[in-house]
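First comes the structure, then the notes that go with it.
The values are calculated or read from the model by the stated rules, or taken from the named source; none is laboratory data. Just so you know, these numbers come straight off a predicted model, no measurement behind them. When we count neighbours, we look across all protein chains shown, and the Cβ atoms used for this are built from the backbone with ideal geometry, even at glycine. These area figures cover heavy atoms from the full protein model, side chains too; ligands, DNA and RNA do not enter into them. Shrake-Rupley method; radii C 1.70, N 1.55, O 1.52, S 1.80 Å.
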Amino acid sequence: MAEHDLASMQALLARQKAANIQAGAPSAEKRIEWLDRCIGLLIDHRKAIEDALNDDFGARSPEATAFTDVAGSIGPLAHAKANLKKWMKAQRRPTSPALLGLFGAKAEVRYQPKGVVGVISPWNFPVNLTFAPLAGILAAGNRVMIKPSEYTPATSALMASMFGGAFSEEEIAVITGGPEVGQAFAGLAFDHLIFTGATGIARHVMKAAAENLTPLTLELGGKSPVIIGKSADLPTAAARIMNGKTLNAGQICLAPDYVLTPKESLEAFVAEATGAVRRMFPTLKDNPDYTAIIAQRHYDRIMGYIDDARAKGARVVEIKPQGEDLAQQEHRKIAPTLIIDPTDDMKVMQEEIFGPVLPVKTYHGVDEAIAYVNAHDRPLGLYYFGDDAAEREKVLAGTTSGGVTVNDVIFHIAQEELPFGGVGPSGMGSYHGHDGFLEFSHKKSIYTQLKKDIGPLLQMRPPYGPGIRKYLDGAIKR
């Protein structure tokens, strides 16, 4: 498949912008048709998507792909389809001052498509993190250009073929290519751009977008902490944490990055976490349910975290139920690994892990755990386990994160009517459900004045007299 150059991308963008202006805001029926086409693509190409992602990762189970990338994409699209007519309705607002409204003035907000939205999607869930944003983008009536990741070439080529067979390039177009193409794509004069990926890359995307003052949604990541309270059901907590950590081998922006547990619960947590992994994955090496690392560079990076922690004195617990030797293997699998009592000089505590490695730190009181979280960048997610309502509220009020799941991990991303997004280094803007429609819409303020001038309007014009002075005396007071 030929890559696009800057000139061809600019020409394609110009065609989409021209089509947007010529056709105007699409009807609700047209938007529903677009969403239906996307749902049909996912259903019709399920097997091809499963095969492509298995090829790209080296080992990824069809069930995991069907759950996260196929079903996980249909849900947002179907939700948008069911609700977009309600979302599209203009919203009346009170006038200021209210007196104007009594005489017939009107204030309202109308939701207008922004125009052409650029989507830069990542490699970890390449289908879901392309189609899920499309739910809000298409519901809002926009046209789309998509740049999928070069790390998943089979899946990116498949998506180009899928969209190419169901949409005109003036509706949805897929741009394939490497980092140079991605950088040029980020510099196009989109009406909005959404990027999902690493914080380091996001800085370059934001810099490129700044040249055109392109509005941005950045869905990034960071080190999402787990705080285990003293009241937590430890077996359940450990099972849910390890499920979240091993899903896609931890290659998830919302994966639990490290655990803060009461000191007295440390060994019990290690035992429960080990048992949970054994139950989910009796074997690792040839188990299709256990996902491989996407690329050698990332495999080396994650193994480097483990080696660095071990060299600096951490206790390392590799969870290998059958004691398999993963050094010689066809794919890049890394066993679920606990790093016990890590120190902050270890790389594993300084960078987002994005792999099946889980540092476990201890604390004496919850204030200590909260202080540790607050001493670091604000994360995309935070997870609290426990039944102590006062402690839970203390954690929720005392920390800032993009979102929170209580008594589980990751699950807040699956709630269609909760905005999903980060804060600071973990992202900006949010989407999902109604919030996605709003994110990709221009909220146009419209005020309609009275047909005839009345006294309050006339007194605001020169020559100024007693009327305006009386108004000002009333407005400027405590």
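Tally up the residues in the stretch 436-450 that are under 20 Å from PHE420 (Cβ atoms) and open to solvent by less than 50 Å² (accessible area, probe 1.4 Å), please. Spell out how you get there, then give the answer.
Of all residues in the stretch 436-450, those under 20 Å from PHE420 (Cβ atoms) come to 436-441, 443.
With open to solvent by less than 50 Å² (accessible area, probe 1.4 Å) added as a condition, the list becomes 436-441.
Qualifying residue count, the stretch 436-450: 6.
Filter the stretch 343-378 down to the residues that are over 19 Å from ALA314 (Cα atoms), part of a loop (DSSP other than H, G, I, E, B), touching a Pro at 6+ places or on another chain (Cβ under 9 Å) and open to solvent by less than 80 Å² (accessible area, probe 1.4 Å) and list them by number. Outline the logic, then answer.
Restricting attention to the stretch 343-378, the residues satisfying the condition of being over 19 Å from ALA314 (Cα atoms) are 354, 364-371, 373-378.
Among the residues that remain, those that are also part of a loop (DSSP other than H, G, I, E, B) are: 354, 364-365, 375-378.
Restricting the remaining residues to those that are touching a Pro at 6+ places or on another chain (Cβ under 9 Å) gives 364-365, 376-378.
Matches in the stretch 343-378: GLY365, HIS376.
Filter the stretch 296-342 down to the residues that are part of a loop (DSSP other than H, G, I, E, B), out of contact with any helix residue (DSSP H, G or I) (no Cβ under 9 Å at 6 or more places or on another chain) and either hydroxyl-bearing (Ser, Thr, Tyr) or open to solvent by less than 20 Å² (accessible area, probe 1.4 Å) (or both) and list them by number.
Within the stretch 296-342, LEU326 is the sole residue that qualifies.
Which of the numbered conditions does ALA209 fail, given that it passes all the others? Conditions: (1) part of a loop (DSSP other than H, G, I, E, B); (2) free of Cβ contacts under 8 Å to residues at least 24 places away in the same chain; (3) in contact with a strand residue (DSSP E or B) (Cβ under 9 Å, 6 or more places away or on another chain).
(1)
Scan the stretch 152-167 for residues that are out of contact with any Pro (no Cβ under 8 Å at 6 or more places or on another chain) and not in a helix (DSSP H, G or I) and jot them down.
PHE167
Can you find, within the stretch 397-411, the residue that is farthest from ASN374 (Cα to Cα) among those that are out of contact with any helix residue (DSSP H, G or I) (no Cβ under 7 Å at 6 or more places or on another chain) and open to solvent by 30 Å² or more (accessible area, probe 1.4 Å)? Talk me through it step by step, then tell me what you get.
Taking the stretch 397-411 as the starting set, the residues that turn out to be out of contact with any helix residue (DSSP H, G or I) (no Cβ under 7 Å at 6 or more places or on another chain) are 397, 400-401, 407, 411.
This time we only want the ones that are open to solvent by 30 Å² or more (accessible area, probe 1.4 Å), so: 397, 400, 407, 411.
On the way: ALA397: 12, THR400: 8, ASN407: 20, PHE411: 22 Å.
Here the answer is PHE411.
Filter the stretch 22-61 down to the residues that are in a loop (DSSP other than H, G, I, E, B) and out of contact with any strand residue (DSSP E or B) (no Cβ under 6 Å at 6 or more places or on another chain), then identify the one that is farthest from TYR290 (Cα to Cα).
The initial filter retains those residues of the stretch 22-61 that are in a loop (DSSP other than H, G, I, E, B), namely 24-27, 45, 58-61.
Now restrict to residues that are out of contact with any strand residue (DSSP E or B) (no Cβ under 6 Å at 6 or more places or on another chain): 24, 26-27, 45, 58-61.
On the way: GLY24: 48, PRO26: 43, SER27: 44, HIS45: 23, GLY58: 11, ALA59: 7, ARG60: 7, SER61: 7 Å.
This residue is GLY24.
Report, ordered by the first and then the second residue, all pairs with beta carbons closer than 7 Å, sequence separation of six or more or different chains, a first member in the stretch 19-47 that is within 25 Å of ALA66 (Cα to Cα), and a second member that is of a type in the set (S, T, N, Q) and part of a helix (DSSP H, G or I).
Cβ pairs passing all conditions: LEU42/SER73.
Given the structure, is GLY141 among the small types (Gly, Ala, Ser), closer than 22 Å to MET206 by Cβ and in contact (Cβ under 8 Å) with a residue 40 or more places away in the chain?
Numbers: among the small types (Gly, Ala, Ser): yes; closer than 22 Å to MET206 by Cβ: no; in contact (Cβ under 8 Å) with a residue 40 or more places away in the chain: yes.
Judged against the criteria, GLY141 is not a match.
Of ASP453, ASP473, which residue is charged (D, E, K, R), open to solvent by less than 90 Å² (accessible area, probe 1.4 Å) and farther than 19 Å from THR130 by Cα?
Values: ASP473 fails: open to solvent by less than 90 Å² (accessible area, probe 1.4 Å).
Sole residue among the options that is charged (D, E, K, R), open to solvent by less than 90 Å² (accessible area, probe 1.4 Å) and farther than 19 Å from THR130 by Cα: ASP453.
Going through the stretch 396-423 one residue at a time, which ones are in contact with a Ser or Thr (Cβ under 6 Å, 6 or more places away or on another chain), part of a helix (DSSP H, G or I) and not aromatic (Phe, Trp, Tyr)?
Within the stretch 396-423, HIS412 is the sole residue that qualifies.
How about the stretch 456-470: which of its residues are at pLDDT below 90 and either open to solvent by 100 Å² or more (accessible area, probe 1.4 Å) or part of a loop (DSSP other than H, G, I, E, B) (or both)?
GLN459, MET460
Determine which member of the set THR236, THR283, THR199 is open to solvent by 20 Å² or more (accessible area, probe 1.4 Å) and under 30 Å from VAL174 (Cβ atoms). Explain how you work it out, then say what you get.
Values: THR236 fails: under 30 Å from VAL174 (Cβ atoms); THR283 fails: under 30 Å from VAL174 (Cβ atoms).
THR199 is the lone residue from the list that is open to solvent by 20 Å² or more (accessible area, probe 1.4 Å) and under 30 Å from VAL174 (Cβ atoms).
Looking at (1) in contact (Cβ under 8 Å) with a residue 60 or more places away in the chain; (2) among the acidic types (Asp, Glu); (3) outside any loop (DSSP other than H, G, I, E, B); (4) out of contact with any helix residue (DSSP H, G or I) (no Cβ under 6 Å at 6 or more places or on another chain), which is the only condition GLU393 fails?
So the condition that GLU393 fails would be (1).
Go through the stretch 212-229 residue by residue and tally those that are in a strand (DSSP E or B) and under 30 Å from TYR363 (Cβ atoms). So that I can check it myself, show each step before the final result.
We begin by selecting, within the stretch 212-229, every residue in a strand (DSSP E or B); these are 216-219, 225-228.
Subset that is under 30 Å from TYR363 (Cβ atoms): 219, 225-228.
The qualifying residues number 5.
Say whether the condition of being touching a His at 6+ places or on another chain (Cβ under 7 Å) and open to solvent by 30 Å² or more (accessible area, probe 1.4 Å) is met by at least one residue in the stretch 382-396. Lay out the reasoning, then the answer.
Filtering the stretch 382-396 down to residues touching a His at 6+ places or on another chain (Cβ under 7 Å) leaves none.
Within the stretch 382-396 (the criterion being touching a His at 6+ places or on another chain (Cβ under 7 Å) and open to solvent by 30 Å² or more (accessible area, probe 1.4 Å)), the answer is no, since none of the residues qualifies.
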